[in-house]
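For reference, the structure discussed in these notes is given below.
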Amino acid sequence: MALLVEELSVWEIAFRWENLDPDKLWLRGIPVLVKDRFRTLMDAILNCRLECETMSMDKYDPKTDDSPEYFIRHYLHEIEDCIHGKAYDKKMLMWARVNRYALYNWCQSESIPLPEFWFPQGQKTGYEDLDEAQSAPSTPTTEPAAVAPAEKLPRITDDHRAKMACQHVAKLQWRVNPALTKNAIALSDEIQNSVGINVNTGEKYKLKTIEEWLSEVDPRHHSKKRGRKPKNNSGSGKS
C-alpha cells in the first residue's frame with residue numbers, strides 16, 4: 001500500500017526505496033544501496049533535474065526575511081561530499097524534501113522504475129490526467145498526512161510553499177514557451193486558481209508578489225525582462 005503523504009525527505013526516500021527503515025539506528029553504517037540513492041537524488045537536485053521543496057536554486061539575499069536554510073548554496077559543501085561519497089549529512093538529507101509528483105516526473109524523464117513504496121505496482125499513480133494534459137502539478141485536494149521528522153527542523157511557512165509552487169509552475173511553462181512574460185504566467189489558470197492561493201485563508205496572492213517570485217527564476221535574457229526602451233525624442237538636428 002502506498003504511503004499517504006505528498007512529501008518526504010531524501011533520507012526517507014532513499015531508505016524506503018530499498019525497503020529499509022529510515023528511523024533505524026544503523027550501527028554498522030548506512031547500506032551501500034542507500035548511499036547510492038543519496039548520491040543520485042542529491043546530484044539530480046543540485047543539477048535542477050529534481051525539484052526540491054526546501055532548497056531554492058536562487059542566490060540568498062540577507063536583506064530578505066527568508067532563512068538561508070531554504071537556499072541550496074547553504075548546503076553546497078554537504079551536498080558535494082554526499083555526491084562524491086565522502087560523507088552523508090543526516091540533517092541536510094532530512095531537510096531536503098521532495099514532492100511525490102516531482103519524484104514521479106524525474107523517474108519518468110530518467111527512465112527510472114518508480115519506487116513501489118510510493119507507487120505500488122497495479123495501482124494508478126494519480127497523475128494520469130496530468131500526463132495527458134501536460135499541465136503543471138495541481139494542489140492536493142486533501143490535507144497530506146504529517147510525517148514525523150527525526151529531528152526538529154525550521155518551519156516551512158505557507159507563503160514559502162506558495163512561492164516554491166509558483167516558481168515550479170513558471171519553470172514548467174518557460175520550458176514549453178520561453179517567450180512567456182512573468183505577467184502572463186502569473187495570470188495563468190494554474191497559478192490564479194491553484195498554487196497562487198493561500199491554503200489557509202483561501203485568498204489569492206497579489207499579482208505583484210507573484211511576479212516578484214517569478215523574477216527570481218526567470219530564465220530569459222535580462223534584455224527581454226524589461227519593457228521597451230523609451231524613444232529618443234530629442235529629434236535630429238539641422239544639417
Viscosity 0.692 mPa s, temperature 37 °C: Stokes-Einstein D of the stretch 1-99 from its Kirkwood Cα radius, in µm² per second?
233
Tabulate in residue order the Karplus-calculated ³J(HN,Hα) for the stretch 43-56, using 6.51 cos²θ - 1.76 cosθ + 1.60 with θ = phi - 60°, rounded to whole Hz; enter x for Gly and Pro.
5, 5, 5, 5, 9, 6, 9, 10, 6, 10, 5, 10, 9, 7
In nm, spacing of pseudo-spin labels at residue 80 and residue 32 (7 Å Cα→C-beta vector)
2.7
Contour minus Cα-Cα distance for residue 124 and residue 64 (0.36 nm per residue):
17.4 nm
Can you spot the aspartates and glutamates whose alpha carbon is less than 15 Å from residue 86's alpha carbon? Ignore those fewer than 8 places along the same chain.
36, 43, 78
Compactness of the stretch 47-101, expressed as Rg and Dmax over alpha-carbon positions, Å:
11.7, 35
Roughly how many debye, to the nearest 20, is the charge dipole of the stretch 14-70 about its Cα centre, given +1 on each Lys and Arg Cβ, -1 on each Asp and Glu Cβ, and no other charges?
420
More than 15 Å apart - percent of Cα-Cα pairs taken over the stretch 9-67
57
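Every read-out reported here was derived from the displayed coordinates using simple, explicitly stated rules and does not represent laboratory data. As the structure is a computational prediction, the values presented were derived from the model and not from experiment. A quick note on method: Cβ atoms are made from the backbone with ideal geometry, for glycine too, and the neighbour counts reach across all protein chains shown.
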